[in-house]
Amino acid sequence: MQKTGLLLGRSARAWRSVRMASSGVTRRDPLANKVALVTASTDGIGFAIARRLARDGAHVVVSSRKQQNVDRAVAALQEEGLSVTGTVCHVGKAEDRERLVATAVKLHGGIDILVSNAAVNPSFGSLMDTTEEVWDKFWMDKAKEESMKETLRISRIGKPEECAGVVSFMCSEDASYITGETVVVGGGTPSRL
């Protein structure tokens, strides 16, 4: 009986250590001294990615099309004690992209991680004819949201932080043997690329 209790105790300790290792508890700063540049990173998924990369030790350069958004995001992340700077960048403008890269190089000597997060909402027709209002609209339609939930195996809309963890993992040495893969963070949505 005492032998069984001893074995169960060892199993519980081993399981606890596996759980801690898989949750990242034993690993500190997997992105230490890396420089990450994240486009469209002052709100939503981009902001969550910038926060996660900085929490994992990276020096992060955030960007947005509007200075007030950059200032707000940088202030919020620096308030958490994170290494974050930012600049205005409209990824559709070559001079803005060049300034974004130059900022990262000037401040940190280079770029190790580039997260191209900038995206657009679905619109029908030519992108060249899309108005600024449509570009500004990350969608807030309850009917569309409920319809999407029906197609998700997980039956809920994802949270930005759920994407951020995957991005941080893919940028770390833990993903060093992964190449040429498509990782879908989609709640079980059938997808093809």
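The values are calculated or read from the model by the stated rules, or taken from the named source; none is laboratory data. Note that this is a predicted model, so its numbers are computed, not measured. When we count neighbours, we look across all protein chains shown, and the Cβ atoms used for this are built from the backbone with ideal geometry, even at glycine. The accessibility values were calculated without ligands, DNA or RNA, using every heavy atom of the protein model including side chains. Shrake-Rupley method; radii C 1.70, N 1.55, O 1.52, S 1.80 Å.
Things worth noting here:
Residue by residue, here is whether (1) at pLDDT below 90; (2) touching a strand residue (DSSP E or B) at 6+ places or on another chain (Cβ under 8 Å); (3) exposed (fewer than 15 other Cβ atoms within 10 Å of the Cβ); (4) outside any helix (DSSP H, G or I) holds:
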{"site": "His90", "(1), (2), (3), (4)": "no, no, no, yes"}
{"site": "Val105", "(1), (2), (3), (4)": "no, no, yes, no"}
{"site": "Lys144", "(1), (2), (3), (4)": "yes, no, yes, no"}
{"site": "Ser147", "(1), (2), (3), (4)": "yes, no, yes, no"}
{"site": "Arg156", "(1), (2), (3), (4)": "yes, no, yes, yes"}
{"site": "Phe169", "(1), (2), (3), (4)": "no, no, no, no"}
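- Taking segment 58-68 as the range and being open to solvent by less than 10 Å² (accessible area, probe 1.4 Å) and not in a loop (DSSP other than H, G, I, E, B) as the test, the residues that pass are Val60, Val61, Val62, Ser63.
- Selected residue (only one of Arg51, Arg19, Arg55 is open to solvent by 40 Å² or more (accessible area, probe 1.4 Å) and at pLDDT below 95): Arg19
- Whenever a residue of segment 151-162 is more than 12 Å from Pro190 (Cα to Cα), its partners that are among the aromatic types (Phe, Trp, Tyr) and not in a loop (DSSP other than H, G, I, E, B), lying with C-beta atoms within less than 9 angstrom and at least six residues away or across chains, give the pairs Pro160/Phe47.
- Conditions (1) at pLDDT 80 or above; (2) among the β-branched types (Val, Ile, Thr); (3) assigned to a helix (DSSP H, G or I); number of the one not met by Ile111: (3)
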